[in-house]
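First comes the structure, then the notes that go with it.
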Amino acid sequence: MKKLFSQKHVPLVAWSASDPLTKRPEPITVFYLCVGLVLVGLGESLLVNANLGVSPWIVLSQGLSIQSGHTVGETTFFVSVVVLLLWIPLRQKPGIGTILNAVIIALVIEFSVPVLPYPSNPWLQVTQTLIGIVIVGVGSGMYLVAHLGAGPRDGLMTGLQRVTNLPIALVRTTIEIVVVMVGWYMGGIVGLGTILYALTIGLSVSAGLVVVGKLASQKLT
């Protein structure tokens, strides 16, 4: 349990790519990357269908939308661009995973939301929210360990972790709390699911990294 709070690095295992910018990743690496991203998409869909509140980043996009008059889709794109620009001083490297992150997760959400449960019982909604958070954590751990480039927000997390040398769980939780507070201040809508996500996603991602690292033979930590 202590490892979940103290995990500071994304482990590299036997099937991790040697460099995010590699032009010819191994098929097994791409496979695990895609499986991880599918899991992230499914977890996000479970959160959407639980209907207890959107993720902190969507709250931020809502707040920006209210203040600017642009659509949530437009402000979401703007936020992603700004986050990617923050990669520059953090010396983060994009890769095929950075592109596939946006494509695969969007497709999975598009096709899974209509078929996944829409619970109306409050306890089932909370349960589905927590299950979704766990699945996002496991999926994030798997695709990050592939070492083919993170999505914009995960790249911000790993970049800040490297600069501060703080545990991943603490870095991710801090980012989510700051984001949701800014979004709420600007008028974004916060629900119970939003709060649960902000407080637990850091620990969930850290757990995902620990689990994936333990299940695979590590070559570097």
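Looking only at residues of the stretch 80-101 that are closer than 19 Å to E26 by Cβ and in a helix (DSSP H, G or I), we find that the one that is nearest to the chain's Cα centre (by Cα) is N101. Listed by first and then second residue, the pairs with beta-carbon distance under 8 Å, at least 6 apart or on different chains, first residue in the stretch 80-102 and under 23 Å from I58 (Cβ atoms) and aromatic (F, W, Y), second in a helix (DSSP H, G or I) and open to solvent by less than 60 Å² (accessible area, probe 1.4 Å), are W87/P152; W87/G155; W87/L156; W87/G159.
For the stretch 24-64, filtered to residues that are over 17 Å from N101 (Cα atoms) and of a type in the set (D, E, K, R), the residue that is surrounded by the fewest Cβ atoms within 10 Å (Cβ to Cβ) is R24. Inspect all residues belonging to the stretch 182-197 and state whether any of them is crowded, with 16+ Cβ neighbours inside 10 Å, β-branched (V, I, T) and without any contact (Cβ under 8 Å) to a residue 60 or more places away in the chain. Checked the stretch 182-197: no residue is crowded, with 16+ Cβ neighbours inside 10 Å, β-branched (V, I, T) and without any contact (Cβ under 8 Å) to a residue 60 or more places away in the chain. Total residues in the stretch 153-173 satisfying the condition of being assigned to a helix (DSSP H, G or I), in contact (Cβ under 8 Å) with a residue 24 or more places away in the chain and open to solvent by 20 Å² or more (accessible area, probe 1.4 Å): the figure is 7.
Of all the residues that make up the stretch 130-148, how many are open to solvent by 10 Å² or more (accessible area, probe 1.4 Å) and part of a loop (DSSP other than H, G, I, E, B)?
Final tally of qualifying residues: 1.
Could you tell me which residue of the stretch 78-91 is farthest from P152 (Cα to Cα), considering only residues that are out of contact with any His (no Cβ under 9 Å at 6 or more places or on another chain) and surrounded by 13 or more Cβ atoms within 10 Å (Cβ to Cβ)? Don't jump to the end; show me each part of the working.
Going through the stretch 78-91, the residues out of contact with any His (no Cβ under 9 Å at 6 or more places or on another chain) turn out to be 79-91.
Narrowing the set further to residues that are surrounded by 13 or more Cβ atoms within 10 Å (Cβ to Cβ) leaves 79-80, 83-84, 86-87, 90.
Numbers: V79: 9, S80: 6, V83: 6, L84: 6, L86: 9, W87: 8, L90: 12 Å.
The residue in question is L90.
Say whether the condition of being closer than 15 Å to G41 by Cα, modelled with pLDDT of 95 or more, open to solvent by 70 Å² or more (accessible area, probe 1.4 Å) and of a type in the set (V, I, T) is met by at least one residue in the stretch 111-129. No; the residues of the stretch 111-129 include none that is closer than 15 Å to G41 by Cα, modelled with pLDDT of 95 or more, open to solvent by 70 Å² or more (accessible area, probe 1.4 Å) and of a type in the set (V, I, T). Condition first: within 24 Å of L144 (Cα to Cα) and in contact with a Lys or Arg (Cβ under 7 Å, 6 or more places away or on another chain). Can you find one or more residues in the stretch 171-185 that meet it? No, that holds for no residue.
The values are calculated or read from the model by the stated rules, or taken from the named source; none is laboratory data. Values in this document were obtained by computation on a predicted structure and should not be read as measured data. Positions of Cβ are generated from backbone atoms using ideal geometry, with glycine treated the same way; all protein chains shown enter the neighbour counts. Please note that ligands, DNA and RNA were not included when accessible areas were found on the heavy atoms of the full protein model with its side chains. Shrake-Rupley method; radii C 1.70, N 1.55, O 1.52, S 1.80 Å.
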